[in-house]
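Undergrad: Quick one: the structure is below, questions incoming.
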Amino acid sequence: MTNAAADLVYLDYAATTPVDPRVLETMLRLQGVQGDFGNPSAMHRAGWRSHAHVELAAERLGALLGTSADRLVWTSGATESNNLAIIGAARHRRHRGRHLVTMLTEHKAVTDVFRALQREGFEVSWLRPGPNGVLDLGTLQAAMRADTQLVSIMHVNNETGVWQDIAKIGECCHARGALLHVDAAQSVGKLPLALAELSVDLMSMTAHKLYGPKGIGALYVAKRPDLHLEPLLFGGGQQQRLRPGTLPVPLIAGFGHAAAIAADCMLSDLAQLRTLRDRLWAGISDLPGIRLNGDLAMSYPGLLNVSVADVEGESLLLALEPLCVATGSACNAQNQEPSYVLRALGLSDAAAQGAIRFSIGRPTTRDEIDFAIRQYRHAVQVLRTMSPDVAA
Ligand SMILES: *Cc1c(COP(=O)(O)O)cnc(C)c1O
C-alpha cells in the first residue's frame, strides 16, 4: 500500500484509514452496469449474484471474528451498531429492570446513547477506570445490581489505545444475568478475537478503521434465546427486520474483503506497529515533563497518547504541521473542551489539552516515525520557550 499524499505525514489511523487498493477494486467491480449491481433481495439472477457477494462478505467477517456469518447485522458503522445494540436491548428488556452500566471513557457513540436512555427513564452507572485507563473488575462487580440489564464496555479505547479484558468482563456480566455489549471499532481486524469463546452478546464494528470503506459497519448478535433487539428503523423485511433497507452490496463486499486481508496480515501488522510505536516513544520519552497517557503493556500498539506540561494543544497541533495527528479533544474539533477520556484518567484540564494522539497504521514507515519524532521535539521546544510560565 502506498503512502498518503507527499505534502502530509498521516499518523491519524485511529480516526480513519485509507481504503486498501484491493478493496477498492472489489467495490468498483460491483457498481456499474457491467458488474453485479442487482438488489440482493431480488428473486432473479442479478439479485442472486449480488446476494452471493453479501454472503461471502459475512463469511469473511465471521471468520475474522471467530463466529458464524448468520450472527452479523449490516449497519452504516459503529455509531449505528452501538445505537441498535444498546437502545435495542435496553428497550426490549425494560420490563425486567432499568439499570445499565458503562464507562466514563467510552466513545461519544456510546456515552450519548446512554444519555438518551437516561432521558427515557433508565438509570446508568458510569464507571471510572484506573489512572492507566484499565477498568478494575471489582469496580464493575460493585456496580452490578439485581436489575442490571446491560453492560457496555469498549475493547480498545480510541484515544489511549488501552484495552479492557472483555473475556473476564463478560464472565462477570453473565454471572449476574446481564448482557455485555462491546464497542470494538478500534480492535476488529487489529487484535485477535474469538467470539465463540467470549461471553460477549453484542459487538459493534466499522469498516473504515480496518482499511475498508466508510459508511458500512456491522453488529454481532450472539445466539441466545433471551436476546432480542427492538429495531430502530422500520421499512422492508431485510435483515430479519432488525435493520431494514436495501443492502449496499459494494460497501459490504469491501468490508468483507478488508476483513479477509486483516485476518491474513494481523500478526505481521502487530509486530510492525509495536516496533514503530516503541521507536516513537523511545524518541520522545526523554523530553522533560512528558507523560504517557495509558499503559504500554496493556494497549493496542497502533496508538500512543502523550502530553507535556506547559504546552497548549492547539498551538502544538499547528506547530506539528504537516503531521496529521489528533489532540486530546479528537472527536470534538469544533469545541475546545479537553478530552473527557483523559480527564477520567485523572489528567488536569491543562495536561489533557496538551495531549497528542499518534496513531500508526499499516502504511506507516520508519521514516515517517523519525519525522514525527523530530517534528514533535522541535514543536515542544519552540512552544516552551514562548510559554509565559517558562519566560517568567
Ligand atoms: C470510530 C469509532 C466509532 C464510530 O464509528 P463510525 O464508523 O464513525 O460510526 C465508535 N466507537 C469507536 C471506539 C470508534 O473508534
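A short reminder: the numbers here are calculations on the coordinates, not readings from a lab. Here the structure is a predicted model, which means the values were calculated and not measured. Using ideal geometry, Cβ is built from the backbone for each residue, glycine included, and neighbour counts are taken over all protein chains shown.
Undergrad: In nm, what is the difference between 0.36 nm times the number of residues separating HIS174 and ALA42 and their Cα-Cα distance?
TA: Details: separation 132, 0.36 × 132 = 47.52 nm, distance 4.02 nm.
Length gained, HIS174 through ALA42: 43.5 nm.
Undergrad: With θ taken as phi - 60° and the coefficients 6.51, -1.76 and 1.60, list the Karplus ³J(HN,Hα) couplings across the range 352-359 in order, rounded to whole Hz; mark glycine and proline as x.
TA: 5, 5, x, 7, 10, 9, 8, 10
Undergrad: Here's a follow-up. Can you pull out the trypsin sites (Lys or Arg not before Pro) in the range 44-138 that DSSP calls coil and that have at most 14 other Cβ atoms within 10 Å? Walk me through the numbers on the way to the answer.
TA: Details: sites: ARG45, ARG49, ARG60, ARG71, ARG91, ARG93, ARG94, ARG96, ARG98, LYS108, ARG115, ARG119; in loops: ARG93, ARG94, ARG96, ARG98.
Answer by residue number: ARG96.
Undergrad: Taking amide hydrogens as modeled 1.01 Å from N in the peptide plane, which residues meet the under 5 Å criterion relative to SER299, leaving out close sequence neighbours?
TA: Distant-sequence amide H within range of SER299: TRP163.
Undergrad: In terms of modelled amide H atoms, which long-range or inter-chain residues lie less than 5 Å from the amide H of ALA355?
TA: Those lying under 5 Å, H to H, from ALA355 are GLY328.
Undergrad: For the range 73-78, what does the Karplus curve 6.51 cos²θ - 1.76 cosθ + 1.60, with θ = phi - 60°, yield as ³J(HN,Hα) per residue in whole Hz, taken in order and with x for Gly and Pro?
TA: 10, 7, 9, 8, x, 5
Undergrad: Can I ask one more? In whole angstrom, how far apart do the alpha carbon centroids of the range 224-281 and the range 16-40 sit?
TA: One Cα centre to the other: 16 Å.
Undergrad: Same structure again: Taking amide H positions as placed 1.01 Å from N in the peptide plane, with prolines and chain starts having none, which residues 5 or more places from SER125, or on another chain, fall under 5 Å of its amide H?
TA: Distant-sequence amide H within range of SER125: LEU100, VAL101, THR102.
Undergrad: Give me the net charge of GLY346's neighbourhood, meaning all other residues with Cβ under 12 Å from the Cβ of GLY346; Lys, Arg count +1, Asp, Glu -1.
TA: Values: positive: ARG128, ARG291, ARG343; negative: ASP349.
Charge balance in the 12 Å sphere: +2.
Undergrad: In addition: Using the alpha-carbon atoms, what tilt in degrees (0 to 90, nearest 10) does helix 166-175 show relative to the longest principal axis of the chain?
TA: That works out to roughly 50 degrees.
Undergrad: Hey, another quick one. Ranking CYS324, CYS265, CYS173 by Cβ neighbours within 10 Å, fewest first, what do you get?
TA: Lowest to highest Cβ neighbour count: CYS265, CYS324, CYS173.
Undergrad: Rounding to the nearest 10 and keeping the result within 0 to 90°, find how far the Cα-based axis of helix 45-65 lies from the longest principal axis of the chain.
TA: That helix lies at roughly 50 degrees to the long axis.
Undergrad: Quick check: residue separation of ALA142 and LEU270 times 0.36 nm, minus the Cα distance between them. What number comes out in nm? If you can, show how the numbers build up before the last one.
TA: Numbers: separation 128, 0.36 × 128 = 46.08 nm, distance 3.46 nm.
Length gained between ALA142 and LEU270: 42.6 nm.
Undergrad: Could you give me the ³J(HN,Hα) list for the range 286-300, computed from phi with Karplus coefficients 6.51, -1.76, 1.60 and θ = phi - 60°, whole Hz, x at Gly and Pro?
TA: Karplus-based 3J(HN,Hα) across the range 286-300 equals 8, 4, x, x, 7, 9, 8, 9, x, 7, 4, 6, 10, 9, 5 Hz.
Undergrad: So, counting K/R as plus one and D/E as minus one, what does the shell of residues with Cβ under 12 Å around ALA15 add up to?
TA: Values: positive: LYS209, LYS214, ARG357; negative: ASP12, GLU159.
Net charge in that neighbourhood comes out at +1.
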